[in-house]
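Beneath this line is the structure, given in structure tokens, with notes to follow.
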Amino acid sequence: MWGEASIAHRRLVIVCLDFAFMGGSMGAATGEKITNGIERATHRRLPLLIVSSSGGARMQEGMLSLMQMAKTAAAIGRHGAAGLAYISLLTDPTMGGVTASFAALADVTLAEPGAMIGFAGPRVIQQATYETLPEGFQTAEFLVKHGLIDLVVPRPELPTVLKRLLELYTHAASAGVVELQPRNGVAARAAAGG
Amino acid sequence: MTQASAAALATWAQVELARHPDRPYALDYIHALFSDFFELHGDRLFGDDHAIIGGPAILDGRTVMVVAQQKGRNTAERAMRNFGMANPEGYRKALRLVGQAEKFGFPVVALVDTPAAFPGAGAEERGIAWAIADNLLAFSQARVPIVSLVIGEGGSGGALGIGVGDRLLMMEHSIYSVAPPETCASILWRDISRKLEAAEALKLTARDLQRLGLVDEIVPEPPGGAHTDYGAAADAAGAALRRHLGAVEALPIDQLLEERYLRYRKIGAS
């Protein structure tokens, strides 16, 4: 589900995945709602917060599910090209095609303590490689250590962290001073270290 | 035998053709279609992934950028190519090459052939999900035409990681799915032996995907499959690539990017 909200008097669009429904998996309807939320944020020039919890792409819908990865990523691309901020909050668990699309494309990526986050599940990895997986593999703390996310945030601290980030990243836009240039294209992304 | 299992067997025959050990791989097509392919190496961050190859090549007198997934033909080469399963470095090399294509205005030809992105501990540590996600976004915005051709197996996010573009073509006996049938059976039923059932349910053949409106053209293979006649398979692939490249190159780039966005935007839209 998604909608517009305010955190500390700053408007934003919040998209939230529901793990209780088919493991939060992304099929066509899920991908469509996520994209609608992202596009609303782009059209209204608002920052975006996506709270993810998902087993990944929905197997039951086949290739239509896989293509939602491309669709949501492209929508994030347009939101970012408009100079708008995107915060991704990864909760337990966030896996597969959700991690490998919109959830990994934020300006700032947060995760809840102990959340399982990755691409391939531990069972799939062990069946494919017979590897012994290290203690704490694919936890939020593991991802911070490997430089993949910015910060692990316990839930009671989330309001403060989100408020600070929204202020930091929307200050220029709300003051109407800085005209951000669209960061279109691969070369621009590479140049910016994106 | 029930009708359902007969259909599943027919689908499984397609899966086996797509994975046939004698099937032409990316380099077979590249050497047949392009003159002077110059392979570039490395992601400039960590390493060189031999499961994804690429570099500039000449097609009809102009330079194109080739990005392709490569499987191995014998045991040693299969190990070197990691069975066509790329690590993050492969996707980051592809990103580097597409960035270069943009710089020089080269159209991109992507040849897809992978069971999946590599499901390994190291791949997770080095951010395989982040590498694929970056490519989905970058390919969706790249200001050059991109034509993708699935030559064998299109496996999940591992295939999509070099597969976003303006056209999607599939060789007649290739497959493309949200997950390999074995992984799907493992995820849904925790039972790999139900892979035939999974393959049937996934709707992964070129014809299934054309019916879903995801594929622009199915490229005919010689009777029996591409492995029976590499020359005929490459000729058909070349003709289709030239036709679709010509069509997308003729469009102004801003229009092409808008059409590329809408191409994905409409999938699953109500």
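Any read-out appearing in this document is the output of simple, stated calculations on the displayed coordinates, not a laboratory observation. Please read all numbers here as calculations on a predicted model, not as lab measurements. Here Cβ is always computed from backbone atoms with ideal geometry, including for glycine, and neighbour counts include all displayed protein chains.
With no solvent and one equal point scatterer placed on each C-alpha of chain B, evaluate the Debye formula and give log10 I(q)/I(0) for q = 0.07, 0.08, 0.09, 0.11 Å⁻¹, two decimals.
Cα-only, vacuum Debye calculation for chain B: -0.23, -0.30, -0.38, -0.57.
Mind pulling up the Rg/Rh value for the protein assembly as shown? Radius of gyration and Kirkwood radius, both on Cα.
We get a ratio of 0.96 for the protein assembly as shown.
Ratio of alpha-carbon Rg to the 2.2 N^0.38 Å globular estimate for region B:194-256, to two decimals, please.
Region B:194-256 yields a ratio of 1.47.
For chain B, what is the calculated [θ] at 222 nm in deg cm²/dmol (nearest 500), taking -39500 (n - 2.57) for each run of four or more DSSP H residues and dividing by its residue count? All intermediate terms of the calculation are to be shown ahead of the outcome.
On the way: 12 runs with 127 residues, N = 270.
Helices in chain B give a 222 nm mean residue ellipticity of -14000 deg cm²/dmol.
Give the calculated FRET efficiency between B:Ala13 and A:Gln127 to the nearest 0.05, with a Förster radius of 22 Å applied to their Cβ-Cβ distance.
Given R0 = 22 Å and the Cβ-Cβ separation, E is 0.35.
How high is the relative contact order of chain B? Use alpha-carbon pairs under 8 Å, at least six apart in sequence, and give a whole percent.
18 percent
Which entries in A:Lys163/B:Lys266; B:Lys203/B:Lys266; A:Lys71/B:Lys93 show an alpha-carbon gap greater than 25 Å?
Checking Cα-Cα distances, A:Lys163/B:Lys266 exceed 25 Å.
Hey, what D do you get for region B:89-232 in µm²/s if you plug the Kirkwood alpha-carbon radius into Stokes-Einstein at 25 °C and 0.890 mPa s?
Translational D for this selection: 152 µm²/s.
Arranged by the count of other C-beta atoms within 10 angstrom, fewest first, what order do B:Leu27, A:Leu49 take? If you can, show how the numbers build up before the last one.
Values: B:Leu27 16, A:Leu49 26.
If I rank by nearby Cβ atoms, fewest first, I get B:Leu27, A:Leu49.
Name the residue from B:Pro24, B:Ser270, B:Ala226 whose Cα lies farthest towards the positive end of the charge dipole of the protein assembly as shown, charges +1 on Cβ of Lys and Arg and -1 on Cβ of Asp and Glu.
B:Ser270
Which whole-angstrom value gives the distance between the alpha carbon centres of region B:178-236 and region A:116-172?
34 Å
Compute the convex hull volume of the Cα atoms of region B:1-134, divide it by the residue count, and report the result per residue in Å³ as a whole number.
Spread over its residues, the Cα hull of region B:1-134 gives 150 Å³ apiece.
How do B:Arg19, A:Arg155, A:Arg58, A:Arg44 rank when sorted from fewest to most other Cβ atoms within 10 Å of their own Cβ?
In order of increasing Cβ crowding within 10 Å: A:Arg155, A:Arg44, B:Arg19, A:Arg58.
Using a Gaussian network model of chain A with C-alpha springs under 10 Å, which one of A:Glu32, A:Glu131, A:Glu112 is most mobile by mean-square fluctuation?
A:Glu131
Among all the aspartates and glutamates, which ones have a C-alpha under 15 Å from A:Lys33's C-alpha, if same-chain residues fewer than 8 places away are not counted?
The reachable aspartates and glutamates, counting only those whose Cα sits under 15 Å from A:Lys33, are A:Glu4, A:Asp18.
Return B:Asp208, A:Asp107 ranked ascending by Cβ neighbour count within 10 Å, so the fewest neighbours appear first.
By the 10 Å Cβ count, ascending, the order reads A:Asp107, B:Asp208.
222 nm [θ] for chain A, helices only, -39500 (n - 2.57) per DSSP H run of 4+, per residue, to 500?
Mean residue ellipticity, 222 nm, calculated: -12000 deg cm²/dmol.
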